[in-house]
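Trainee: One structure, as C-alpha cells, below. Some questions next.
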Amino acid sequence: MKRHNHVPMFLLLAIVAVMALSSCGSSKKVVYFQDLEPGKSEVELPVVRAITVRPEDKLSIIVNSRDPQLTDLFNLPYVTRQLGQSLREDYNAGTNSGVSGYTVDANGEIDFPVLGKIYVAGKTRQEIAETIKGELVKDNLVKDPVVTVEFMNLCISVLGEVNNPGRFGIDRDRVTVLDALGMAGDLTIYGNRNDVLVLRQEGEAQRVYTIDLTSGRQVYSSPAYYLQQNDVVYVKPNEVRARQSTVNGNNVRSTSFWISLASLLTSVAILIVN
C-alpha cells in the first residue's frame with residue numbers, strides 16, 4: 001500500500017505567517033506618504049522662506065539696459081562673456097569655472113562698480129536686485145535697468161543611505177528636502193524613512209530637524225521642508241543595515257533571520273512530504 005504523507009497544518013501556517021510578517025513589516029517602513037490618499041488628502045504647505053544671502057556667499061549680478069556700452073561699466077567682464085552659459089554644471093562639479101562674481105564679506109557687503117559698498121546680507125535675490133536698480137535710477141546712471149542676481153556657490157549636502165551622496169548646488173529660491181533627496185538618487189532600501197535629519201546652522205547654533213517621509217503631512221509641515229544654503233540632509237541606516245556592521249547581526253529581528261527560518265521550514269516540509 002502506498003503511503004501518503006501530509007504536511008502538518010501548523011507547519012504550513014507557520015510558513016505563511018513568517019512570509020506575511022516579513023512583507024508587511026518591510027512595506028510599512030519603505031512606502032512614502034502613507035497618510036495621503038489620491039484625490040482626498042489636502043496638505044497645507046509651510047510658508048516659503050526664501051533663501052537670504054549670508055557672508056561668504058558668492059553672487060552673479062548682471063545689469064542690462066538699452067545701452068549695452070553703459071551697462072558694461074557695472075558688469076564684471078568675465079561674467080558678461082559667460083552670460084549664455086548655465087551655471088548648474090559648475091555647481092554640481094563644485095567649481096565656478098573661473099566665472100567672476102561678488103563675494104559677500106564678513107560685514108555682509110559687496111563692492112559694486114561705481115556704487116561702492118552695498119549691504120546685502122539677509123536679503124533675497126529679488127531684494128538685492130531692487131536695491132541696485134534703485135541706486136542706479138536714483139543717481140541717474142542707467143535708465144530702465146534690468147538687474148539679474150543669481151547664486152554662484154550656494155550648496156546643500158546629502159549624506160547617509162542615499163544612492164548618490166554628495167554636495168549639490170542651489171540654483172533657485174525654493175529647494176525642498178524632496179528635491180535634495182531626488183538629486184541624491186533617492187534613499188537606498190536600507191535608508192530609515194522615519195527619521196531623516198536636516199542639520200541647519202542658525203546664527204551660532206546648530207539646529208536639527210527630524211522628518212518622517214512615511215507621513216506626507218509631517219513632511220509638508222516641517223520647518224525644514226524648504227532648505228537653506230549649507231543645510232545637511234542625513235539619512236540614517238535602518239535596523240537591517242545597522243546589524244550588518246555588527247558581529248552577531250543574525251538575530252530574531254533581522255531580515256536574514258526570517259529568510260533563514262522560512263528556508264528551514266520549507267526544507268522540513270519537503271522532507272516530510274517525501
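The values are calculated or read from the model by the stated rules, or taken from the named source; none is laboratory data. Keep in mind that what you see is a predicted model, and the values were worked out from it rather than measured. In this analysis, Cβ positions are derived from the backbone assuming ideal geometry, glycine residues included, and neighbour counts consider all displayed protein chains.
Trainee: May I ask you to list the residues in the stretch 188-224 that are among the charged types (D, E, K, R), in a loop (DSSP other than H, G, I, E, B) and under 13 Å from the mean Cα position of the chain (by Cα)?
Mentor: Our first condition is that a residue be among the charged types (D, E, K, R); within the stretch 188-224, this holds for 193, 195, 200, 202, 204, 207, 212, 217.
Retained after the next criterion (residues that are in a loop (DSSP other than H, G, I, E, B)): 204, 212.
Once the filter is applied, which keeps residues that are among the charged types (D, E, K, R), in a loop (DSSP other than H, G, I, E, B) and under 13 Å from the mean Cα position of the chain (by Cα), the stretch 188-224 yields nothing.
Trainee: I want to confirm something. Restricting to the stretch 146-180 and keeping residues that are polar (S, T, N, Q) and in contact (Cβ under 8 Å) with a residue 60 or more places away in the chain, which single residue is nearest to PRO223 (Cα to Cα)?
Mentor: Restricting attention to the stretch 146-180, the residues satisfying the condition of being polar (S, T, N, Q) are 148, 153, 157, 163-164, 176.
Those still in the list that are in contact (Cβ under 8 Å) with a residue 60 or more places away in the chain too: 148, 153, 157.
Values: THR148: 29, ASN153: 23, SER157: 18 Å.
Looking at the filtered set, the residue picked out is SER157.
Trainee: Which one of these is in the same structural domain as GLY203 (by TED's automatic domain parsing) and under 16 Å from THR52 (Cβ atoms): ILE170, ILE128, ILE118, ILE110? Quick ask: steps written out before the conclusion?
Mentor: Details: ILE128 fails: in the same structural domain as GLY203 (by TED's automatic domain parsing); ILE118 fails: in the same structural domain as GLY203 (by TED's automatic domain parsing); ILE110 fails: in the same structural domain as GLY203 (by TED's automatic domain parsing).
Exactly one residue qualifies, and that residue is ILE170.
Trainee: Name every residue in the stretch 111-131 that is within 24 Å of ARG174 (Cα to Cα) and β-branched (Val, Ile, Thr), in order of residue number. Steps first, please.
Mentor: The initial filter retains those residues of the stretch 111-131 that are within 24 Å of ARG174 (Cα to Cα), namely 119-131.
VAL120, THR124, ILE128, THR131, listed by residue number.
Trainee: Hey, can you tell me all the residues within the stretch 119-145 that are charged (D, E, K, R) and either crowded, with 18+ Cβ neighbours inside 10 Å or not in a helix (DSSP H, G or I) (or both)? First the steps, then the outcome.
Mentor: Residues of the stretch 119-145 charged (D, E, K, R): 123, 125, 127, 130, 133, 135, 138-139, 143-144.
Result: LYS123, ARG125, GLU135, ASP139, LYS143, ASP144.
Trainee: Now, a different point. For the stretch 47-61, check the following and say yes or no: at least one residue is out of contact with any helix residue (DSSP H, G or I) (no Cβ under 7 Å at 6 or more places or on another chain) and at pLDDT below 80.
Mentor: Scanning the stretch 47-61, I find no residue that is out of contact with any helix residue (DSSP H, G or I) (no Cβ under 7 Å at 6 or more places or on another chain) and at pLDDT below 80, so the answer is no.
Trainee: Let me ask something additional. If THR148 satisfies all but one of (1) exposed (fewer than 15 other Cβ atoms within 10 Å of the Cβ); (2) in contact with a Pro (Cβ under 7 Å, 6 or more places away or on another chain), what's the number of the condition it fails?
Mentor: (2) is the only condition that THR148 fails.
Let's see how each residue does on (1) of a type outside the set (A, V, I, L, M); (2) at pLDDT 95 or above:
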| residue | (1), (2) |
| --- | --- |
| GLU109 | yes, yes |
| LYS117 | yes, yes |
| ILE132 | no, yes |
| ASP139 | yes, no |
| VAL147 | no, yes |
| ASN163 | yes, yes |
| PHE168 | yes, yes |
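Trainee: Working only within the stretch 104-118, note down all residues that are surrounded by fewer than 14 Cβ atoms within 10 Å (Cβ to Cβ) and either over 29 Å from the mean Cα position of the chain (by Cα) or hydroxyl-bearing (Ser, Thr, Tyr) (or both). Steps first, please.
Mentor: In the first step, residues of the stretch 104-118 are kept if they are surrounded by fewer than 14 Cβ atoms within 10 Å (Cβ to Cβ); the result is 106-107, 111, 113-114, 116-117.
Matches in the stretch 104-118: ASN107, ASP111, PRO113, VAL114, GLY116, LYS117.
Trainee: Is there a residue in the stretch 153-171 that is hydroxyl-bearing (Ser, Thr, Tyr), over 29 Å from the mean Cα position of the chain (by Cα) and either over 17 Å from LEU76 (Cβ atoms) or part of a loop (DSSP other than H, G, I, E, B) (or both)? It would help to see each step written out before you state the result.
Mentor: Within the stretch 153-171, the first condition is being hydroxyl-bearing (Ser, Thr, Tyr), and the residues that meet it are 157.
In the following step, the residues that additionally are over 29 Å from the mean Cα position of the chain (by Cα) were identified as none.
Within the stretch 153-171 (the criterion being hydroxyl-bearing (Ser, Thr, Tyr), over 29 Å from the mean Cα position of the chain (by Cα) and either over 17 Å from LEU76 (Cβ atoms) or part of a loop (DSSP other than H, G, I, E, B) (or both)), the answer is no, since none of the residues qualifies.
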